Structures are given as structure tokens and as C-alpha cells.
Amino acid sequence: MWPEPEPIPVAGGFFPVHRPYISGDTDTSGRTPEGWLLDHSYARLPDVLFHRQAPVPVKAPHLVVFNKPLAADLGLYPEGLDGEAGANYFSGNRLPPGALPIAQAYAGHQFGGFTMLGDGRAILLGEQITPDGRRVDIQLKGAGQTPFSRRGDGRAALGPMLREYLVSEAMQALGIPTTRSLAVVTTGEPVIRESVLAGAILTRVAASHIRVGTFEYLAARRDTASLRILTEYTIQRHYPGLTTEESSRIPAFLEAVCDRQMELVVRWMLVGFVHGVMNTDNVALSGETIDYGPCAFMDHYDPGTVFSSIDTGGRYAYGRQASITHWNLTRLAEALIPLLHADEKEAVRMAEEILGTLPGKFQTLWSNGLRAKLGLTTREDGDEELIGQFLALMQEHGADWTLAFRSLAEKGLPGVPAYLVPGWQAWQTRWTDRLERQPESTETLRQGMRQRNPAVIPRNHHVERVLDAATNGDTAPFLSLLDAVGRPFQPLPEDSVWMAAPEAPDPHYRTFCGT
Ligand code: AMP
Ligand code: MG
């Protein structure tokens, strides 16, 4: 049962549980000439959730890449921020008017083990109110030490920040919910990792930075009062359409979060994305992809694909991402137990009922997604088998995930020797016959398939090359690839260089955690 609204002590006063945490006010008249309009709803939450912390100034900030279309979308004036002003703001050397910098507290299960964490190198400047009334976090990643830094230096290196910029913007273009990247600046200071690297800061834009780990943090502290406030805040910020009926509000919330996460992970898998570090602190309640560290796109199809150098057990392998999502959501459900029902047994039963629907939901979403990729618009009995055979053939022959699907959308299986074998050819005949039994013309079907099957993704061998060049001072290849991944479904002729699969896939390709 949802208890009676009661005043809860928080920093600076008392307010009732049902206080509106997010004002619906979209008055944008207070925007500064550069376009800043920052609010701080998160900093009005209980102060156990954050620590006030300014970014640590850097020696010589230099703007390396700046996302002008995104800036305009946020109400910022791109021309005014492209240069020294941007370098100062996006390094934290100068705070935007109205900023109230904080580091957020959270916990998380990292590779299965529970840890208290928090922003060890990220500072939230505030929530920018966009011209269309959205509220988005503006966060500097790599902005210096905070009370949560533990043994870390609070800094980030240029390569990983450019990688996050590139891959998050690619995901956006693919239509997959994601945090965005506004800018990368170099700091003029070295960071010491295995070698000495150029320091850099990424400005990240997110619907919010509320994580499964944020709930786990309050649950671990047995701070049910704050947990209730955080939950209500999250509902108001990300699930405003939820029922207001008190007994079903929390279960409906859990279910809505579960649905969004399953949709997200299926979208990843349909484009061959491997997140790489699906710890519960890297799961955003907004349903956006967050924390691009050792992520990468799979070349040849293999469910066991792992790229992260630290994921030695394959916990976050491509084909395990749905079951790991289920595991992560179970941690969220556990944190919510005190709010689900006054009777703990009943609360557990409710949580299990919601979580129990996830495997079925995954199967439906996955199957529908693959049907769309293969151009199936009607339903027939043998469809699951047809889809299963395609996956099995890809795995058996080491087919490139992206090229195989895209080729079907263009002209059928690739006309190269690897596909001119009886197994593939028999499958193609069966598939072609199947499409002919549908009402749409082949061209209409292919047009639809081209919207589902990207031609351009940030392929590992290209990503490595452009990051190498950029860290050596030449950003041109990076910008060219960034441009190309921005139009994944309608490539231009000059994008063909970025569409090529590696000549010999590197089975030992490894990505390193984004530090
Ligand atoms: P991540 O792997 O980026 O999700 O980070 C996991 C945790 O480690 C978060 O609490 C980060 O804030 C923290 N962290 C990562 N790198 C650093 C660093 N260089 N200095 C301080 N904290 C860090
Ligand atoms: Mg993280």
C-alpha cells in the first residue's frame, strides 16, 4: 500500500510525498544570450543523492569537436560557443550562468558484485530547458576529482571520449535511445594510464543520469523516505503518463521501466551492438543507452562476441545482453520492494510477476525485429524456422551481421563466393518465395528493409584508425566517419570506405574500458 502522504525532512525544509518535483513550466524567457537556461530539479532532492562539487579547472582547454545541430536543438547558440567560449564552458573552466554543479551519488553491481560508487569524474552542471520544453542533463565527463573518485584521478583520455562521442551519435542516427554528445575538449594536461595520454572532457547530454544503481544506493542505506522521493521524481521525469492510482503506481513504474529496457536491448541486438559493461550503474531509468566504454559493433555473427578486455568471463557478451538486462532489472525490483507493498512477501510476489514476463517480451520483440529486418510483413507458420535458419547460416559461415542484412535489402545475398554455397542458396530461394506471397512489391519491401538494416555503422577497425589519427592531431578521418554514421540508412557514395567489413576479422580485437 502506498502510505499516506506525509512530510519528509529534506535539506532546506519539508515537503509532502506528492509534491510535484518537476515543474511543468516551460517558460523559456530567462535564456541567456548564449542560450543557457539551467534548472536544478535533481539538486532539490534529498541531499544524500549528491555532493556539490565544481569542476576542477584545466590548464589549456581546446575544443576538438562540437555538435552544432545538437547545440541548436538545446537552445544554445552554436556560433557563439564554437571556439574559445565553448572550450571554456565545456572544460568546466567557466560555469554557464545559473549552473549548480554536483556529483551524483549511486551504487551498482559491477560484474555481479555490489559497490558504492558515485560520479568519480563527472559533474552535472544542471538541466538545460530546451526551446521545446524538454529537460536534459548537461554533464561534464572527466571534470576532475569528486568525493566519489576513490583512487581515480577524475580525468578522462581523448581516445575514449571521442569514442563515446562517435558511437553515441551513431546510435542516435540509428534511432536508438541514447545519451548525446555535445563536445569534446582537450585539457592541455596529460592523464597517466598504461601510457601518458592527452586529457579530455566530454560534454554529455542525457534525459537524466538516474541509474538502477541510484535506487540500489538508497536501498542499501535503508533510506526508504528518500527512495520514495526518488521514485516519484523518476516517474514524473520519465514516466509522466503512469497511473496515479496509488496501489498500482509502483508496480506500473517497475513494469514500464522493464518494458523500456527490453526494447532498448533488442534494438541494440538488432544492429549488432555490444554495450560491453552492463553494470547496474550503467543502466539509465530513462531507457537511454548510457556509458559508452568498451562498446563495439559485432562484425561476423557470433552470440558469444565479447570485445571488452575486462569481460573475461563473457558476462556481457552480445547474446547474453537480454538475460543480463533481466538480471539488472531484478536488482531494481529488489530495491523497490519496500515501496511495492507493505507486506514484503506480497511485494516480492508482485516483483516476480512483473519480472517473469520479461523472457516472453524479449522473444516477441526480438522476433518482430528480425521479421522486419527480413521484410516479413505477414505471418506464416514456417517464419520462425526461416529466421532461425538465417541466423544459423550466418553463425556457421561467419557472415558479417550488417552486410548480410543490408545486402538482402539491396539485392539479395551478397554475390561473393562465401554465399554461393547450397545452404545459403536454398535459404535465399525459400526467402524469395516467402516474400512473393506478400501483398507488397519487392521494391516496397526492400525500401522498408533499408530503413531497418543500416549500411553504415562505426566498425571497429575504422573506429580504431580514426581515433589513432585524432589522438595524433588529425581529426579529419574522425569527422568523416562521424558524418557517415550520421546517415546509416541512406549512405552517400563517399561513405563506401566506411561500410567495408574488415578483410580478415580480428578474433582478438579488444576494447579497453573508457578511462
Ligand atoms: P564507468 O566504468 O565509466 O561506468 O565508471 C565506473 C565508476 O568508476 C564510476 O563511479 C566512475 O565515476 C568511476 N571512474 C571511472 N574512471 C574514473 C577516474 N579516472 N577517476 C575517478 N573515478 C572514475
Ligand atoms: Mg558508469
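Does any residue of segment 490-513 turn out to be within 16 Å of ligand 2 (Cβ to nearest atom), in contact with a Gly (Cβ under 8 Å, 6 or more places away or on another chain), within 23 Å of VAL277 (Cβ to Cβ) and open to solvent by less than 30 Å² (accessible area, probe 1.4 Å)? Yes, some residue in segment 490-513 is within 16 Å of ligand 2 (Cβ to nearest atom), in contact with a Gly (Cβ under 8 Å, 6 or more places away or on another chain), within 23 Å of VAL277 (Cβ to Cβ) and open to solvent by less than 30 Å² (accessible area, probe 1.4 Å). Taking THR312, is it open to solvent by 10 Å² or more (accessible area, probe 1.4 Å) and either of a type in the set (S, T, N, Q) or touching a helix residue (DSSP H, G or I) at 6+ places or on another chain (Cβ under 9 Å) (or both)? So THR312 fits the description; yes.
Within segment 229-252, track down each residue that is farther than 14 Å from ALA347 by Cβ and among the hydroxyl-bearing types (Ser, Thr, Tyr).
Result: TYR233, THR234, TYR239, THR243, THR244.
Taken over segment 229-272, the criterion of being among the basic types (Lys, Arg) and open to solvent by 30 Å² or more (accessible area, probe 1.4 Å) is satisfied by ARG237, ARG260, ARG267.
Of the residues making up segment 121-138, just one is touching an Asp or Glu at 6+ places or on another chain (Cβ under 9 Å) and within 11 Å of ligand 1 (Cβ to nearest atom), namely ARG121.
If you check GLY188, GLY159 for being at pLDDT 95 or above, away from ligand 2 (no atom under 16 Å from the Cβ) and at positive phi, only one passes: GLY188. Checked against (1) polar (S, T, N, Q); (2) modelled with pLDDT under 95; (3) surrounded by 12 or more Cβ atoms within 10 Å (Cβ to Cβ), SER29 passes all but condition (3).
A search for C-beta distances below 6 Å between a residue of segment 350-374 that is touching a residue at least 24 places away in the same chain (Cβ under 8 Å) and any residue that is open to solvent by 20 Å² or more (accessible area, probe 1.4 Å) and among the charged types (D, E, K, R), counting only pairs 6+ apart in sequence or on different chains, returns ILE354/GLU255; ALA372/ARG452; LYS373/ARG452. Restricting attention to segment 400-449, the residues that are of a type outside the set (A, V, I, L, M), more than 23 Å from ASP381 (Cα to Cα) and surrounded by 19 or more Cβ atoms within 10 Å (Cβ to Cβ) total 6.
Could you please let me know if ASP132 is surrounded by fewer than 24 Cβ atoms within 10 Å (Cβ to Cβ), modelled with pLDDT under 95 and acidic (Asp, Glu)? Judged against the criteria, ASP132 is a match. Within segment 349-384, being farther than 27 Å from LEU174 by Cα and surrounded by 16 or more Cβ atoms within 10 Å (Cβ to Cβ) holds for MET350, ALA351, ILE354, LEU355. Residues of segment 148-165 that are open to solvent by 10 Å² or more (accessible area, probe 1.4 Å) and near ligand 1 (Cβ under 8 Å from one of its atoms): PHE148, SER149, ARG150, ARG151, GLY152, ASP153, ARG155. Selection of segment 238-294 for residues being among the small types (Gly, Ala, Ser) and part of a helix (DSSP H, G or I) yields SER247, SER248, ALA252, ALA256.
Criterion first (assigned by TED's automatic domain parsing to the domain that holds ARG237, in contact (Cβ under 8 Å) with a residue 12 or more places away in the chain and open to solvent by 10 Å² or more (accessible area, probe 1.4 Å)) does GLU346 satisfy it? No; evaluated as a whole, the condition is false for this residue.
Pairs linking a residue in segment 184-196 that is more than 10 Å from ALA60 (Cα to Cα) and in contact (Cβ under 8 Å) with a residue 60 or more places away in the chain to a residue that is of a type in the set (Ser, Thr, Tyr) and buried (at least 19 other Cβ atoms within 10 Å of the Cβ), with Cβ atoms under 6 Å and 6 or more positions apart or on different chains, are VAL184/TYR165.
Find the helices (runs of 4 or more DSSP H) located wholly in segment 49-112 whose residues include 1 or more that are out of contact with any Phe, Trp or Tyr (no Cβ under 7 Å at 6 or more places or on another chain) and buried (at least 19 other Cβ atoms within 10 Å of the Cβ), and list them. Hits in segment 49-112: 68-73, 84-89.
Against the condition among the small types (Gly, Ala, Ser) and either closer than 16 Å to LEU202 by Cα or more than 13 Å from ligand 1 (Cβ to nearest atom) (or both), how does GLY80 come out, does it pass? When the stated conditions are applied, GLY80 passes them. Within segment 323-336, being open to solvent by 10 Å² or more (accessible area, probe 1.4 Å) and among the small types (Gly, Ala, Ser) holds for one residue alone: SER323.
Just checking, does segment 278-296 include any residue being surrounded by 24 or more Cβ atoms within 10 Å (Cβ to Cβ), modelled with pLDDT of 95 or more and more than 16 Å from ligand 2 (Cβ to nearest atom)? Scanning segment 278-296 turns up at least one residue that is surrounded by 24 or more Cβ atoms within 10 Å (Cβ to Cβ), modelled with pLDDT of 95 or more and more than 16 Å from ligand 2 (Cβ to nearest atom).
The values are calculated or read from the model by the stated rules, or taken from the named source; none is laboratory data. As the structure is a computational prediction, the values presented were derived from the model and not from experiment. For neighbour counting, all protein chains shown are included, and Cβ atoms are generated from backbone atoms with ideal geometry for every residue, glycine included. Side chains included, ligands, DNA and RNA excluded: accessible areas come from the protein's heavy atoms. Shrake-Rupley method; radii C 1.70, N 1.55, O 1.52, S 1.80 Å.
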